[in-house]
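Participant: First the structure, which I've put down as structure tokens, then a few questions once you've had a look.
The values are calculated or read from the model by the stated rules, or taken from the named source; none is laboratory data. Note that the structure is predicted; figures quoted are calculated from it, not measured. Every residue, glycine as well, gets a Cβ built from its backbone with ideal geometry; the counts of neighbours run over all protein chains shown. Note: areas computed on protein heavy atoms with side chains; ligands, DNA, RNA excluded. Shrake-Rupley method; radii C 1.70, N 1.55, O 1.52, S 1.80 Å.
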Amino acid sequence: MASRAVQMYSGVDSVRAANELQRAIQARRDDWPYVHIYPPPDSQDVFVIGTAGVPVAPASLTAVALAYQVQSGKKFFQTGVIFGFQGGAFVPGDATFTEDRNSALGSANKQFLPEHGLIAVPVLLGGQINGSYVEPFILQRAREFEPLDVIRIKATNVTLAGGTFVAGIFGWEVPVLSVKHGK
């Protein structure tokens, strides 16, 4: 293990170094260090719901239930998701849900990214009251999306005979210039 020399200052140099440290601390005092947990003061809420009819024949057809593009000049921090179905009983495995970025349906784009942990999910995510989705499934850590990323939630019918897929994404957008990660 290589050792790193510690710079020691004395006299006037120590005062200059202390002043420089104080300026650096003051320059960062208004930065928002918790963008993955709490929305910063300049954020805008994102609350997007989408639906798609369930393709019925043949089985294993996929429908895009939601497509959302992050605004230019903004970063999106996703904190919640809904993978839902309305129109009858749903047994785990009747359909699967996948969230990805920058992958159109039927595209051979090699640059797309499925969202880790949200690939071929065989169960519904999100809370219902009286058959309507009212509460998102909260992600353990916010997912970070870049400007102009396109987020899609795709639902694949396995055994359903009809109904509607419901999808939602939730979080906040922040201007790119205000998201600072250590200087």
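Participant: From the list Gln78, Gln71, Gln86, pick out the single residue that is open to solvent by 30 Å² or more (accessible area, probe 1.4 Å), closer than 30 Å to Asp42 by Cα, out of contact with any His (no Cβ under 8 Å at 6 or more places or on another chain) and in contact (Cβ under 8 Å) with a residue 40 or more places away in the chain. Steps first, please.
Facilitator: Numbers: Gln78 fails: open to solvent by 30 Å² or more (accessible area, probe 1.4 Å); Gln86 fails: closer than 30 Å to Asp42 by Cα.
Exactly one of Gln78, Gln71, Gln86 is open to solvent by 30 Å² or more (accessible area, probe 1.4 Å), closer than 30 Å to Asp42 by Cα, out of contact with any His (no Cβ under 8 Å at 6 or more places or on another chain) and in contact (Cβ under 8 Å) with a residue 40 or more places away in the chain, namely Gln71.
Participant: If the requirement is being in contact with a strand residue (DSSP E or B) (Cβ under 6 Å, 6 or more places away or on another chain), at pLDDT 90 or above and more than 15 Å from Gly50 (Cα to Cα), which of these qualifies: Pro122, Pro136?
Facilitator: Pro122
Participant: Something else about it: Give the residue, chosen from Glu173, Glu146, that is in contact with a strand residue (DSSP E or B) (Cβ under 6 Å, 6 or more places away or on another chain), acidic (Asp, Glu), at pLDDT 90 or above and more than 18 Å from Phe83 (Cα to Cα).
Facilitator: Glu173
Participant: Let me ask something else. Being at pLDDT 90 or above and open to solvent by 70 Å² or more (accessible area, probe 1.4 Å): is that true of Phe112 here? Reasoning before the result, please.
Facilitator: Details: at pLDDT 90 or above: no; open to solvent by 70 Å² or more (accessible area, probe 1.4 Å): yes.
Here the answer is no, as Phe112 does not meet what is asked.
Participant: Moving to a separate point now. Give me the strands (runs of 3 or more DSSP E) completely within the range 119-183, filtered to those with at least 3 residues that are open to solvent by less than 30 Å² (accessible area, probe 1.4 Å), ordered by residue number. Break it down stepwise before answering.
Facilitator: Details: elements: 127-129, 132-135, 137-145, 150-157, 164-175.
So the answer is 137-145, 150-157, 164-175.
Participant: Taking the criterion of being at pLDDT below 80, of a type outside the set (Gly, Ala, Ser), within 19 Å of Leu139 (Cβ to Cβ) and open to solvent by 90 Å² or more (accessible area, probe 1.4 Å), would at least one residue in the range 36-51 satisfy it? Outline the logic, then answer.
Facilitator: Applying the first criterion (at pLDDT below 80) to the range 36-51 yields 36-37.
Right, trim to of a type outside the set (Gly, Ala, Ser) and you get 36-37.
Now narrow it down to the ones that are within 19 Å of Leu139 (Cβ to Cβ): 36-37.
Now restrict to residues that are open to solvent by 90 Å² or more (accessible area, probe 1.4 Å): 37.
There is at least one residue in the range 36-51 that is at pLDDT below 80, of a type outside the set (Gly, Ala, Ser), within 19 Å of Leu139 (Cβ to Cβ) and open to solvent by 90 Å² or more (accessible area, probe 1.4 Å).
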